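Here is the structure we will look at.
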Amino acid sequence: MRKVRNSKGYTTLELLIALGILAILAGLGLTWYREYITAQRITSETQRLEIVLKDIQVQAKVKKHSYYVEVGDKNLDVYFTNGTLFKVYRFLVPLEANPDTFYVNNFGLFTTQGYIRVAYNNNKASLDCVSISRLRVCTGKFDPTENKCVCSY
């Protein structure tokens, strides 16, 4: 006669294999989550950058002042044209600009055109740059082949 074994549980090997699979899945999930958070931070800071530039444009028009905006590593310094500091805007992400300084006249028109982009290389962010033309400030996606910000209207 054969003896029937009483198997009312899992072996240590089965538990280790299950824990190993869970650890791998948790590691992948954490990586994806970090990429998602970074992409969201880039998008939100890009939208904030657009709002700040539009606010400067409105301030110039309403107060009849000319300003120039210097782009730093993580900040925008806004000066009156006589060189007096007007306001400093700080950002959570590094910024890159072409050119480094933008001028806004007292009619609210940018006399310098170019772009400001978030310096993270994350292709999953839906917005990562702000294009500045004479009349329009708009957010978009940076195109490295043409070295310009393509607006998403």
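Read-outs throughout are calculated quantities, based only on the coordinates presented, and are distinct from any laboratory measurement. Everything numeric here is computed off the predicted structure, so don't read it as measured data. Cβ sites come from the backbone with ideal geometry, for glycine too, and all protein chains shown count toward neighbours.
Of the chymotrypsin sites (Phe, Trp or Tyr not before Pro) found in region 5-55, the ones in coil according to DSSP and having at most 14 other Cβ atoms within 10 Å of their Cβ are 10. Peptides 83-96, 15-28, 131-144 ranked from most to least packed give 131-144, 83-96, 15-28, packing being the mean of other C-beta atoms within 10 angstrom over each peptide's residues.
Values (1) 128; (2) 168; (3) 146 are given for comparison; volume of the Cα convex hull per residue in Å³, derived from the coordinates here, is the one labelled (2). Taking the charge dipole of region 9-144 about its Cα centre, with +1 at Lys and Arg Cβ atoms and -1 at Asp and Glu Cβ atoms, the residue from 101, 62, 123 reaching farthest to the positive side is 62.
Cross-link partners for residue 124 among the lysines, with Cα-Cα distance under 23 Å and sequence neighbours closer than 8 places in the same chain left out: 74, 141, 148.
Straight-line cross-link partners of residue 54 among the aspartates and glutamates, defined as a Cα under 16 Å from its Cα and at least 8 positions apart when in the same chain: 45, 70, 77.
Here the gap between residue 28 and residue 70, fully extended at 0.36 nm per residue and compared with their Cα-Cα distance, gives a gain of 11.1 nm.
Electrostatic bookkeeping for residue 91 treats Lys and Arg as +1 and Asp and Glu as -1; over the other residues with beta carbon under 11 Å from its beta carbon, the sum is +2.
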